[in-house]
1. How many residues does the stretch 37-66 contain that are modelled with pLDDT of 75 or more, over 18 Å from R77 (Cβ atoms) and within 17 Å of the chain's Cα centre (by Cα)?
2. Conditions first: (1) out of contact with any helix residue (DSSP H, G or I) (no Cβ under 8 Å at 6 or more places or on another chain); (2) modelled with pLDDT of 85 or more; (3) surrounded by fewer than 12 Cβ atoms within 10 Å (Cβ to Cβ). Y84 passes all but one, so which condition is the exception?
3. Which pairs have Cβ atoms under 7 Å, sit 6 or more apart or on different chains, and link a residue in the stretch 14-27 that is at pLDDT 80 or above to one that is in a helix (DSSP H, G or I)?
4. Could you tell me how many of the residues in the stretch 14-24 are surrounded by fewer than 11 Cβ atoms within 10 Å (Cβ to Cβ) and under 15 Å from V62 (Cα atoms)?
Amino acid sequence: MRRRLMVTLETDHLTLRMLRESDFDACAEMCADSEVMRYIGDGQPPAHFSPFHFHRLFRSIVGEPLHACVKRLRLVRAIQHKLYALAAR
């Protein structure tokens, strides 16, 4: 398995870090906003990307294929759920 260095860059106005599961709803909301998207690329919302192009962009941004990311996030969520259930006993 490939290990990634987790780097966070912070300024007074901006924090740059790897995406987290909790970021995806906000990211989807921004991508759906035409005012935000007019400053990115050619100004077209990413909803017009072909599935192939979306998967290629997702992999380049996140660093893993979409199906692997979903699988990993589901596994993490299941483990957390199990741990919380065990801790509640």
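The values are calculated or read from the model by the stated rules, or taken from the named source; none is laboratory data. Every value quoted in this text rests on a predicted model; they were computed, and no experiment measured them. Neighbour counts are summed over all protein chains in view; Cβ atoms, including those assigned to glycine, are modelled from backbone coordinates with ideal geometry.
1. If we filter the stretch 37-66 for residues that are modelled with pLDDT of 75 or more, which is where we start, we get 50-66.
With the extra rule that they be over 18 Å from R77 (Cβ atoms), the set shrinks to 50-61, 63, 65.
Checking the rest, the ones that are also within 17 Å of the chain's Cα centre (by Cα) come to 51, 53-61, 63, 65.
Here the count works out to 12.
2. (2)
3. Qualifying pairs under 7 Å: E21/L73.
4. First pass over the stretch 14-24, keeping only residues surrounded by fewer than 11 Cβ atoms within 10 Å (Cβ to Cβ): 14-16, 20, 22.
Still in the running and under 15 Å from V62 (Cα atoms): 16, 20, 22.
Looking only at that region, the number is 3.
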